[in-house]
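Written out below as structure tokens is the structure these notes cover.
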Amino acid sequence: MHTSLLKNTIEQLFANGKGILAMDESTPTCDKRFLAHGIPQTFEMRRNYRQLIATTPGLNESIGGAILYDETIKQQTNNGIPIATELLNAGIIPGIKVDMGSKALAGFPNEMITEGLDGLRERLADYKNLGARFAKWRAVITIGDGIPTKTCIEANVQALARYAALCQESGLVPIVEPEVLMEGTHSMQRCYEVTEQTLKGLFEKLYQYRVDLQGIILKPNMVLAGKESGEKKSIDEVAEATVKCFLSAVPATVPAIAFLSGGQSPQQAAQHLNAINKSYKDHLPWNVGFSFARAIQQPCLEAWKGLDANVETAQKLLYHRAKLSALAHRGAYKF
Ligand code: 13P
């Protein structure tokens, strides 16, 4: 077991209030976001965009690690430097998304199972050679009429546990991401219950599969009302429900929780994270930070529009949102 190596990587990722930038959109997801902004959906444009992110001046003041996609970890900058090396040289640890996406769970309408365990041991070794020091696997849990089922949760947390064990065997820190989706008409209370059930099931499986909890990062959703519920909750209510839920389900041994933004606006995600740290930091056993994608990238992508002339402005926006996320990590966000 590589406990000290894993702990050391986690400490570096979160040092001085830094957090993780998720820039690991799969090609279909990245293309969908490019399409929405009129950006051509090509290999080269995706490379340009990831280069823009990796070369943003000062990004390492707020970002300790960046999660890459398979295509990106094999791409190079205009100067022929691998993007992973560019990040490393800037003081940002490269990580890699290793799941193969979520697919329909046969026999369970509207539920998903994440695939990608076959050959994972060998892929992890390859990614390690390319510079990755941590990995990510995302499971998707949907709330709806009669769902999630117990079967869907069990299948997904089992895959997460098998993935996490393989990562630790290879010396990579697993980011364990069970995402309860915000899409839907459910109440915040329902999100609370499903998140708690999912996390309890997850930690039972991690224990069963002999995963060392000191060597993982948990990447969960916050406890929020469904996007189409019409329910309005204050920032403090979200922070309180989220903290209560995690205290009831996440063992104190876990060193760090890094929230995903899940479709909240950049401001909302930062405000919620800020409230959690501002009001509860001293009473929480874990470091509570961020691993945002949209909540850091959105203004940057909108400004870039795929044009070289906009790179500098876009980088400034990325730098700014990363900075604000790091302030929220310390409970010092101003808005
Ligand atoms: P968002 O912050 O956009 O939800 O993305 C985080 C992520 O990495 C999802 O897997």
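Every number here is computed from the coordinates shown, using simple stated rules; none is lab data. Note that this is a predicted model, so its numbers are computed, not measured. Quick reminder, even Gly has a Cβ in these numbers, built from the backbone with ideal geometry, and neighbours come from all protein chains shown.
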> Where a ≥ b ≥ c are the square roots of the eigenvalues of the C-alpha gyration tensor, would you call the range 251-290 rounded, which needs a/c under 1.5, or, failing that, prolate if a/b is larger than b/c, or oblate?
Replying inline: oblate
>> With only alpha-carbon atoms in the gyration tensor, what are the semi-axes of the equivalent ellipsoid for the range 247-335, in Å, largest first?
In response: 29, 12, 10
> Any idea what the dipole of the chain comes to, in debye rounded to 20, about its Cα centre with Lys/Arg Cβ at +1 and Asp/Glu Cβ at -1?
Replying inline: 540
> Taking H as built 1.01 Å from N, whose amide H comes closer than 5 Å to the amide H of Gly19, not counting residues under 5 places away?
Replying inline: Ile63, Gly64, Gly65
> Shape call for the chain from the C-alpha gyration tensor, a ≥ b ≥ c root eigenvalues: rounded (a/c under 1.5), prolate (a/b greater than b/c) or oblate?
Replying inline: rounded
> In terms of the Cα gyration tensor, with a ≥ b ≥ c the square roots of its eigenvalues, is the range 41-99 rounded because a/c is under 1.5, prolate because a/b exceeds b/c, or oblate?
Replying inline: oblate
> Using alpha carbon centroids, what distance separates the range 174-203 and the range 1-53, in Å?
Replying inline: 23
> Percent relative contact order of the chain, based on C-alpha pairs within less than 8 angstrom and at least six residues apart?
Replying inline: 18
> Looking only at Phe134, Phe203, Phe292, which one moves most when the chain is put into a Gaussian network model with springs between Cα atoms under 10 Å?
Replying inline: Phe203
>> I need Arg138, Arg210, Arg330, Arg294 ordered by Cβ neighbour count within 10 Å, fewest first.
In response: Arg210, Arg330, Arg294, Arg138
>> Using each residue's phi in the range 30-43, evaluate 6.51 cos²θ - 1.76 cosθ + 1.60 at θ = phi - 60° and report the 3J(HN,Hα) Karplus result to the nearest Hz, with x for Gly and Pro.
In response: 4, 5, 4, 5, 4, 4, 4, 10, x, 9, x, 9, 10, 4
>> Give me Val238, Val223 sorted ascending by neighbouring Cβ count inside 10 Å, so fewest comes first.
In response: Val238, Val223
>> Take the residue pairs Lys232/Lys281; Lys232/Lys278; Lys7/Lys316; Lys233/Lys316; Lys281/Lys323 and return only those whose Cα atoms are more than 27 Å apart.
In response: Lys7/Lys316; Lys233/Lys316
> In sequence order, what are the phi-derived ³J(HN,Hα) couplings for the range 75-80 according to the Karplus relation 6.51 cos²θ - 1.76 cosθ + 1.60 with θ = phi - 60°, rounded to whole Hz, with x for glycine and proline?
Replying inline: 9, 10, 6, 4, 8, x
> Taking N as the number of residues in the range 1-49, what is its alpha-carbon radius of gyration divided by 2.2 N^0.38 Å?
Replying inline: 1.71
> How high is the relative contact order of the range 157-266, in percent, with contacts defined as C-alpha pairs under 8 Å that are six or more residues apart?
Replying inline: 34
>> Using each residue's phi in the range 236-252, evaluate 6.51 cos²θ - 1.76 cosθ + 1.60 at θ = phi - 60° and report the 3J(HN,Hα) Karplus result to the nearest Hz, with x for Gly and Pro.
In response: 5, 5, 5, 4, 5, 5, 5, 4, 4, 4, 6, 5, 7, 10, 10, x, 5
> Relative contact order, percent, of the range 1-90 when contacts are C-alpha pairs under 8 Å separated by at least 6 residues?
Replying inline: 35
>> For the chain, what does the helix formula give at 222 nm: sum of -39500 (n - 2.57) over DSSP H segments with n ≥ 4, over the residue count, nearest 500 deg cm²/dmol?
In response: -15000 deg cm²/dmol
>> Positive end of the dipole of the range 192-335, charges at C-beta (+1 Lys, Arg; -1 Asp, Glu), about the Cα centre: which of Ser279, Val311, Gly230 has its Cα farthest in that direction?
In response: Val311
> So in the chain, what percent of DSSP beta bridges are antiparallel if you round to the nearest 5?
Replying inline: 15
> From largest to smallest, what semi-axes in whole angstrom does the range 1-160 give when each is the square root of 5 times an eigenvalue of its alpha carbon gyration tensor?
Replying inline: 29, 21, 15
